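One structure is given below, encoded as structure tokens.
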Amino acid sequence: MRCAAQCLLWRLRCLVNALDRFVSNFTNRLDSKGRISIPASFRTVLAKDGFEGLYVHRALDAQALDCGGHALMREIDGVLGRFATYTDDHDVYSTALLGTSEILKVDPEGRIILSDAAKTWLGIEAEATFVGQGYKFQIWEPKRFEAYLDEARNRVRDLRKQIGASHAGTVPPQPRGVQE
């Protein structure tokens, strides 16, 4: 019985922690005025984060926008903190992460207006896909996201095979607090 209670407690902790993260993906339409709604669950995370507006910059490794609040800004500060200021490495990262950024206003209904430059770069015309990534989310052109997701699934399959081969014969770890 003790194990069941511990497992239930672990699941509840996971659920509470999930409320602090951007999860899932949603495709929304731009309205006639060019506004698009941030998914309700993402707005909840942003409100809890306390950031006024939405911090947005071009993703470094995909044709997408990285979006978030204080948690994303802390991650960026952590990346920049690895480099001494006034170095080329610091400058290229700060230019890529801060120099291409915008802080968008979120209206009372949870909508934003993407700049024309952002929509053109993304290739967005009528719809955009919002993709949760934990401390941040991304905005994609829907068909481009589907292609990326297919590629990501294939890469994960390959990684699982590599991990499985390297861990063959080992005992899987038990959840913390669970006794045999």
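Observations
- Distance between the C-alpha centres of region 16-93 and region 133-149: 12 Å, rounded to the whole angstrom.
- Isotropically averaged projected area of region 21-162, using the convex hull of Cα atoms (one quarter of hull area), nm²: 9.6
- The GluC sites (Glu not before Pro) of region 63-130 meeting both criteria, a DSSP state outside H, G, I, E and B (loop) and at most 11 other C-beta atoms within 10 angstrom of the site's C-beta, are GLU109, GLU125.
- Estimated FRET transfer efficiency when R0 is 35 angstrom, pair VAL156-LYS105 (beta carbons, to 0.05): 0.45
- Hits among lysines - C-alpha to C-alpha of LYS119 under 27 Å, sequence gap 8 or more where chains match: LYS33, LYS105, LYS136, LYS143
- Proximal charge balance of VAL131 [Cβ under 12 Å; K/R count +1, D/E count -1]: -1
Quick note: the coordinates plus some simple rules give every number you see, no bench work behind them. Predicted, not measured: the structure shown is a model, and the values here were computed from it. Every residue, glycine as well, gets a Cβ built from its backbone with ideal geometry; the counts of neighbours run over all protein chains shown.
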